[in-house]
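The values are calculated or read from the model by the stated rules, or taken from the named source; none is laboratory data. Here the structure is a predicted model, which is why all the values come from computation and not from measurement. Glycine gets a Cβ as well: all are built from the backbone with ideal geometry, and neighbour counts include every protein chain shown. To get the accessible areas, we keep the full protein, side chains included, count just its heavy atoms, and leave off ligands, DNA and RNA. Shrake-Rupley method; radii C 1.70, N 1.55, O 1.52, S 1.80 Å.
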Amino acid sequence: MLLAVVAFGHTLWNGVAEPGHALAFGVLVTVGELARWGSLPGEREPAPLGAAGALAYALLGRSGGEATTHGVLQVVTVVAAAQLLASVPHTARGSGPGPDLVARRVLAVGFAAVCFQPLSHSGRSERWFGEGLYFALFLVLLLALTALCEAVLAALTATTPRPFGPLLRDELRALIGIGSAVCATGAVMALGVAVAGLWALPLLCVPLLLTQVSFRRYAAVRTTYRQTIASLARSTEIAGYTPHGHARRVAELSTAVGRELGLAGPELSVLEYAALMHDIGQLSLVDPVPDGATARLPAGEQRRIALLGGAVVRQTGVDTAVAVVVEQQADPYREQPTAARIVRAVNAYDDLRGEGAGGPLGALEQLRLGTGRDYQPLVVEALARVLARGGLTSVGSG
């Protein structure tokens with residue numbers, strides 16, 4: 001906020017340099033922010049076109065072969081004003097971007113402008129890198145540093161009660177996807193306008209717009225897919241085989257433990273889906289297990305239910321990797337993949353945390369006693385850390 005206020009004051013006092021360029025990039029960022037696709041699970045950049053346009057303006061040193069004169073504070077002014085303007089309709093619908101996201105965007109773009117604009121205005125960037133390949137590599141390096149800066153800010157401002165290291169790792173992994181497209185498009189926009197002028201902007205926006213449309217469709221399919229799996233998981237609760245909310249609790253806690261252990265992307269998705277459907281094999285039982293607590297059953301019976309569950313999952317058309325995790329959740333942990341180890345430990349915790357086990361602490365103690373064969377020690381300790389940060393009572397109930 002302080003940076004934005006200083007930038008607005010400086011721009012109002014000194015006037016807008018090259019108002020045509022400021023207006024063009026301001027409109028581009030505004031349109032990109034208006035076209036944001038909402039907050040999708042696991043998606044770090046909901047407005048890629050706006051982000052690319054902001055980065056391009058920060059890295060703009062020439063337009064149509066002529067040197068530009070806008071500075072760092074004008075870049076911050078244009079980006080902040082565009083975001084404020086675009087946030088009005090989103091906020092009216094109750095879906096506006098959070099202040100942390102807006103702050104990260106302004107600070108990251110300001111960082112890129114501070115690294116580039118002084119070098120461009122002094123002519124040192126041309127003397128050091130020329131105007132060809134080396135200059136393009138210089139822009140790529142600046143964009144990589146800017147992405148790292150934003151990832152650090154995102155990890156520092158995250159509301160999730162997790163250590164900084166795993167949060168930063170997740171943010172850096174997220175850059176491989178749409179973040180790479182945003183950085184590449186920003187660099188190409190800056191280079192294109194430098195040669196052809198503002199006429200290059202509409203043409204260079206097309207690839208990212210097509211990517212955004214494709215991602216919207218993919219996200220819709222993924223959302224429907226997850227809803228289908230969640231509905232299948234609830235079938236055991238509706239039939240009275242498992243307690244209400246058991247599958248959801250196991251899925252949420254398993255995902256948190258998976259992140260604690262460094263899982264990300266497709267691995268987390270497989271883990272979540274397997275956790276949701278881990279008890280679906282109980283539908284094949286004639287007599288329900290008391291309270292659905294499979295952790296109290298003999299090992300052979302647990303494996304039989306797990307195999308039945310895997311067979312059901314395979315019939316639903318869900319990813320085979322999910323069926324494998326469901327089938328192997330009752331095996332000795334040395335024979336299990338990481339996802340199956342997590343699901344088994346978290347399911348046992350949720351089954352054992354009742355009064356008979358002495359509550360959450362008693363359930364954890366029983367898991368620790370079973371680390372010789374049934375539960376991997378690393379998974380149990382990761383579960384303990386997640387529960388400790390969220391509060392053993394609050395996470396263990398609900």
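For the pair Ala239 and Leu148, the difference between a 0.36 nm per residue extended length and the Cα-Cα distance amounts to 27.9 nm. Per atom type, the chain shows carbon and sulfur on 65% of its accessible surface, probed at 1.4 Å.
Computed from phi, the 3J(HN,Hα) profile of segment 191-198 under the Karplus parametrisation 6.51, -1.76, 1.60 (θ = phi - 60°) reads 5, x, 5, 4, 9, 9, x, 5 Hz, with x in place of Gly and Pro. Placing +1 on each Lys and Arg Cβ and -1 on each Asp and Glu Cβ, with no other charges, gives the chain a dipole about its Cα centre of roughly 200 debye. Per residue, the solvent-accessible area of the chain (1.4 Å probe, heavy atoms of protein chains only, all protein chains present) comes to 47 Å².
Full extension of the chain segment joining Val27 with His121 gains 31.4 nm, where the gain is 0.36 nm per residue of separation less the Cα-Cα distance. Taking Cα extents along the principal axes in Å as calculated from this structure, the corresponding entry among (i) 79, 42, 37; (ii) 68, 47, 37; (iii) 53, 46, 42 is (i).
Note on Ile342: accessible area approximately 0 square angstrom, rounded to 10, probe 1.4 Å, nucleic acids and ligands left out.
Ordering Gly258, Thr242, Val213 by Cα displacement along the dipole of segment 195-266 toward the positive end leaves Val213 in first place; charges were set at the Cβ atoms of Lys, Arg (+1) and Asp, Glu (-1).
Against the main long axis of the alpha-carbon atoms of the chain, helix 48-58 sits at an angle near 40°.
For segment 233-325, a crude dipole built from +1 on the beta carbon of Lys and Arg and -1 on the beta carbon of Asp and Glu, taken about the Cα centre, is about 100 debye to the nearest 20. In this structure the amide hydrogen of Arg62, modeled in the peptide plane, comes within under 5 Å of the amide hydrogens of Thr68, none closer than 5 places in sequence on its chain.
Between Val16 and Thr224, the contour length at 0.36 nm per residue exceeds the alpha carbon distance by 70.2 nm. For the pair Leu156 and Val6, label points projected 7 Å from Cα toward Cβ lie 1.5 nm apart.
Summed over qualifying helices (DSSP H, 4 residues or more, each -39500 (n - 2.57)) and divided by its residue number, the chain shows a 222 nm mean residue ellipticity of -23500 deg cm²/dmol. Between 0 and 90 degrees, rounded to the nearest ten: what's the tilt of helix 246-260 against the longest Cα principal axis of the chain? Relative to the chain, helix 246-260 is tipped by roughly 50 degrees. Here the spin labels are modelled as points 7 Å beyond Cα on the Cα-Cβ line, and at Arg217 and Leu84 they lie 3.9 nm apart.
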